[in-house]
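Below: one structure, written as structure tokens.
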Amino acid sequence: MEHVRIQLASLEFDELNYRRTLFISAEHQQHLEDVKMFIHGSPALEGGVGPLMVLLNEHDLTSAVISCLQKRLKARNQDDAKDEYKTAVYAVVNLKRRADDPNRNPDDLPDPGPDLDKADNYLEGGPLWEKLDVLGTFDEDWYGSFHIFNYLYSHVRLEPISLAEVLKDYDSRLNLKSIAPLHLTFVAQTAPGAIPKGTIMCRLDAVYHNPLDDEMEALKKRVTDLENRVALLETRVGALESRVGVLETRVGALENRVGLLENRVGALESSLVALESRVGSLESRMTNAETALAKLSSEVAYLKTEVIRLRECCEALC
């Protein structure tokens, strides 16, 4: 954010004060970006000021200032600018009528027509900006009161003069930070033997760059970078959460399948236990059968022996 210091001055010129100087504060000059200048003459009943010279230290910027003002005035809608000028001049004309005879009835004052005609003729002589070839004059009607320089800013709206721009046009090697102590000098020029008169109004807006702005911008950039990084992490975390949710669903399905398999294995184990019991029963029955068969075999062998013995006894008897 720019910091602006405003300096207002009303500079009056006379025989002893034909040069008037305004100093621009040298404090923080290294941060000075520009000086915006609003300058105009003050139409007086006895005449205007000029032609004026403008010096920045030892540099004569008069031509560059005039060129800048012409550009500003040329950029305006010419009809609107002429209307603003005419309104102001008509007010000055009427003021002069009353000042010439302050005790006279307003209805009996002289006809302002001739003076208003002069103002109209002044306007008809080409574009308004072309009339700004000097910064005021003491030689026109009412000694310069009609000159357009007297109505800039106060009545004819304009963008301010940029001293940085003017200085660049004057000499591109110069800048406001390289000139110290920075001051503007206004010189009222007159014809030989004439006494300088008149007043100018000047407003200077010194525009300083606040170095804290750079730090704030850097801090804002860091905060923005952090916000972007957090947003990116949030996006990535959201994607991971979605993937984890899918995995949890799949794991749950696997758990259900494993549970079913465990139930089937348990059933198989129960079946195997039952089969083992039945096989044990069969083994026991087979053992019993084998024992009975061995006993029968033994008895049969005995019987065979007895039969053979009986046969032999019979044969012996016969």
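Tabulated values for the structure
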item	result
Answer from GLU124, GLU130 - the residue that is acidic (Asp, Glu) and within 18 Å of ALA64 (Cα to Cα)	GLU130
Single match in VAL207, VAL187 (criterion: over 33 Å from the mean Cα position of the chain (by Cα) and at pLDDT 90 or above)	VAL187
Tally of residues being part of a loop (DSSP other than H, G, I, E, B) and acidic (Asp, Glu) across the stretch 166-177	1
Any hit, the stretch 151-168, residues being more than 19 Å from ARG76 (Cβ to Cβ) and either loosely packed, with under 15 Cβ neighbours inside 10 Å or not aliphatic (A, V, I, L, M) (or both)	yes
Condition met for ALA267 (out of contact with any Ser or Thr (no Cβ under 7 Å at 6 or more places or on another chain) and at pLDDT 90 or above)	yes
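Table: residues versus (1) assigned to a strand (DSSP E or B); (2) in contact (Cβ under 8 Å) with a residue 60 or more places away in the chain; (3) of a type in the set (A, V, I, L, M, F, W, C).
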residue: LYS118; (1), (2), (3): no, no, no
residue: GLY126; (1), (2), (3): no, no, no
residue: PHE149; (1), (2), (3): no, yes, yes
residue: GLU159; (1), (2), (3): no, yes, no
residue: ALA164; (1), (2), (3): no, yes, yes
residue: PRO181; (1), (2), (3): no, yes, no
residue: THR185; (1), (2), (3): yes, yes, no
residue: PRO196; (1), (2), (3): no, yes, no
residue: ASP205; (1), (2), (3): yes, yes, no
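The values are calculated or read from the model by the stated rules, or taken from the named source; none is laboratory data. In this text the structure is predicted, and so the values were computed from the model without any measurement. Positions of Cβ are backbone-derived with ideal geometry, glycine not excepted, and every protein chain shown enters the neighbour counts.
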